[in-house]
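Encoded as structure tokens, the structure appears first; notes follow it.
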Amino acid sequence: MRRSFARWAVGVSALALCLILAGSAAAQDEEEAPKPRIGVTLHPYYSWVRNIVGDKMDVVPIIPANADPHSYQPRPVDLANLKGLSAIVVNNLGHDEFIKPMLKSAGQENLKQIEPNRGVPLIKIHIDVPEGEDASQVAYNSHSYLSITSGTQQIANIAQDLGSIDPDNADFYRANARSYSKRLRRLLGNALAEINKMDTSKASIASVHDGYSYILQELGLNVVAVIQPRHGIEPNPRQLQDTIKRIKTANANILFTELDYDKKYVDIITAETGCKLYSLSHVSGGEYTDDLFEAKMEKNLNTIVEAVRDTQ
Amino acid sequence: MSRKIRIAQAQAAAGGPIREVVVHPLDARRETLGLLLAVGVIVLAMGLRFLSLAANEEQLYLRPYQRLSDGLNDSQRTLYRSLLATVQDIGALRDQNGFFPEAELLEYEMIPPFAKSLVPKDLQGFVWETYDYSTWVDYIGYNPDSDQDFSYILRVIDLHTDYHPSPHPGADYDPNQRLAAQVWVHRDPQRAYPGERLAIDGWTWVVDANDPMLQKPPDARAFKQTTSGQQPVKRGGEE
């Protein structure tokens, strides 16, 4: 009796030991399995990817938090961010040109690139130049991320590509993308609930940044004049004079500016035209956080609502 | 001092007549030709580069039934963009329910443009009907209160099936992409649903210059021009 009990006890102990060892080995494997690393070139992409992948992947911003992607110059120290990436999310429409030489320098030219703008309708830019200058230049607006509708399409594209990198979690990524898109659409719905009650024909909008066209279009608002058609180009006196003339002709009463835009040009225009000035975020700076895009877009939408309301 | 006086002085100094030798400056003809040649080569290279860039910009292959979205106005473009952004949700709801969602469900799920509260005022009058072919679905939308708007069809196709409705390219470009979306428009604001063949009924497929398919010559894409003979199931809406 005693012997059989001892045998039984030894058997149970051995089994328990095996289970514990197997469990701890599995847990160790789980802990040690490196997560895929996904690089991002722009701030909105950081928020998007973080909201899609949760803790299943590491999201690596390539440029420092406060660097402006338009003026950013690659630094050797930032090349380290490209190490060990499984893929990188890129704009590829001219907004993150810095990434090409960086990938080349790091020998990562073959790194998988996720292009959120795949299949996303873009706004054509007719660069509005003063009379007598070459007006034939045409380009596509690269700020498609400054929009809830285009944003949700891009988020779906990213989720799909991440699912192909990590098929085991593809459903998880898709579900997260949908849930995140729902939250973003709620922001759009809140803004439209206000704007649709107003007479938007009273709002005649000028902007210092053509990137806001996407968000304004989805709110049913038109931009009558863009003061600075491209980043980093300060209007010369002739262009400024032309812009003032166009704003006066269009009778614009709202002027959307960038938060970090040099006010001297805006002030001149405001003084000359009487447009009321409102600042919108370009979502291209600040600490990388999961809710950066959501927070900044909500603020942008609220600012636009306020601007239209002021014209009623 | 004149030239003759200088010669006379030189003859006197030399003690006899001297021969006048004219020394020309170094010949620059060769250098001039070289310079002109170099300028010509630079101008030629610039011209070729300009032509190649211009050619790249224009290298879009449009079918007769396709039109670029650039020609849409802001309101039409907003609707076009909203329709294309619905694919993820349509796919998820299809996976969940086993069939394509009807327009009413998309509205309930707060997906624009089916959800009227998520589109600008001028797009809220659209009425949407669903035609489900099981391997693809058509959502036709028209605005009964306006004679200015287009009629729209959003066609969502399951690429992982054998048959793709005409004129969708038979080849899939991305094996991970299961659903493809097309937006078709008709100038008649209240056009009746035409069935599978949209192009022969005067509908045009709106495409974006950003679409990589437009950068491939037509012969690189195997278009299926047959019809499936499938009959749609009209789902939801007022029947």
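The values are calculated or read from the model by the stated rules, or taken from the named source; none is laboratory data. The structure presented is a predicted model; accordingly, all values stated were derived computationally and were not measured. Cβ atoms come from the backbone with ideal geometry, glycine included; neighbour counts cover every protein chain shown. In case anyone asks, the SASA skips ligands and DNA or RNA and just uses the protein heavy atoms, side chains included. Shrake-Rupley method; radii C 1.70, N 1.55, O 1.52, S 1.80 Å.
Give the calculated FRET efficiency between A:E287 and B:Q231 to the nearest 0.05, with a Förster radius of 60 Å applied to their Cβ-Cβ distance. The computed FRET efficiency comes out at 0.60. The residues of segment A:196-310 expose, per residue, 44 Å² of accessible area to a 1.4 Å probe.
Ranked by the mean number of other Cβ atoms within 10 Å of their residues, highest first, the peptides A:148-155, A:55-62 fall in the order A:148-155, A:55-62. Its Kirkwood hydrodynamic radius, worked out from the mean inverse distance over all distinct Cα pairs, puts segment A:196-310 at 14.6 Å. For segment A:185-200, heavy-atom accessible area (probe 1.4 Å) falls by no less than 50 Å² from the chain alone to the full protein assembly at A:R185, A:N196. Averaged per residue, segment A:37-180 has 39 square angstrom of accessible surface, using a 1.4 angstrom probe with ligands and nucleic acids left out. In plain terms, the C-alpha convex hull of segment B:66-235 casts an average shadow of 9.6 nm² when viewed from every direction.
Could you work out what % of the accessible surface of segment B:67-125 is carbon and sulfur, using a 1.4 angstrom probe and leaving DNA, RNA and ligands out of the count? Ligands and nucleic acids excluded, carbon and sulfur reach 52 percent. Subtracting the Cα-Cα distance of B:R197 and B:D162 from 0.36 nm times their residue separation leaves 10.8 nm of extension gain.
Per-residue shielding of A:115-122, expressed as the average number of other chain Cβ atoms within 10 Å of the residue Cβ, stands at 6. For the segment A:149-155, counting C-beta atoms of other chains within 10 Å of every residue's C-beta and taking the mean gives 5. Of the peptides B:37-49, A:264-276, the ranking by mean beta-carbon count within 10 Å, highest at the top, reads A:264-276, B:37-49.
Using the Karplus relation 6.51 cos²θ - 1.76 cosθ + 1.60 with θ = phi - 60°, the per-residue 3J(HN,Hα) values for segment B:74-89 come to 4, 5, 4, 5, 4, 5, 4, 5, 4, 4, 5, 7, 8, 4, 4, 6 Hz, with x marking Gly and Pro. Counting only Cα atoms, segment A:49-120 measures 29, 27, 27 Å along its principal axes, largest extent leading.
Rounded to the nearest 0.05, the FRET efficiency derived from the C-beta distance between A:D310 and B:A38 at R0 = 60 Å is 0.45. Using the Cβ of A:E218 as centre and a radius below 13 Å, the other residues enclosed give a net charge of +2, where K and R count +1 and D and E count -1.
Pairing chains A and B buries close to 2700 square angstrom of accessible surface in total, based on protein heavy atoms and a 1.4 angstrom probe. Entry for segment B:123-205 at q = 0.14, 0.15, 0.23 Å⁻¹: log10 I(q)/I(0) = -0.48, -0.55, -1.06, Debye formula applied to identical alpha-carbon scatterers, no solvent contribution.
What order, most packed first, do the peptides B:85-95, B:186-196 have when packing is the mean number of other Cβ atoms within 10 Å of each residue?
Working: B:85-95: 20.9, B:186-196: 15.5.
My ranking of the peptides, most packed first, is B:85-95, B:186-196.
Here segment A:196-310 exposes an accessible surface that is 47 percent carbon and sulfur, computed with a 1.4 Å probe and the other protein chains kept in place. Taking every residue in B:99-111 and counting other chain Cβ atoms within 10 Å of its Cβ, the average works out to 1. Projected label points at B:E31 and A:A193, each 7 Å from Cα along the beta carbon direction, are separated by 8.1 nanometres.
What does the accessible area per residue of segment B:66-235 come to in Å², with a 1.4 Å probe and no ligands, DNA or RNA counted?
39
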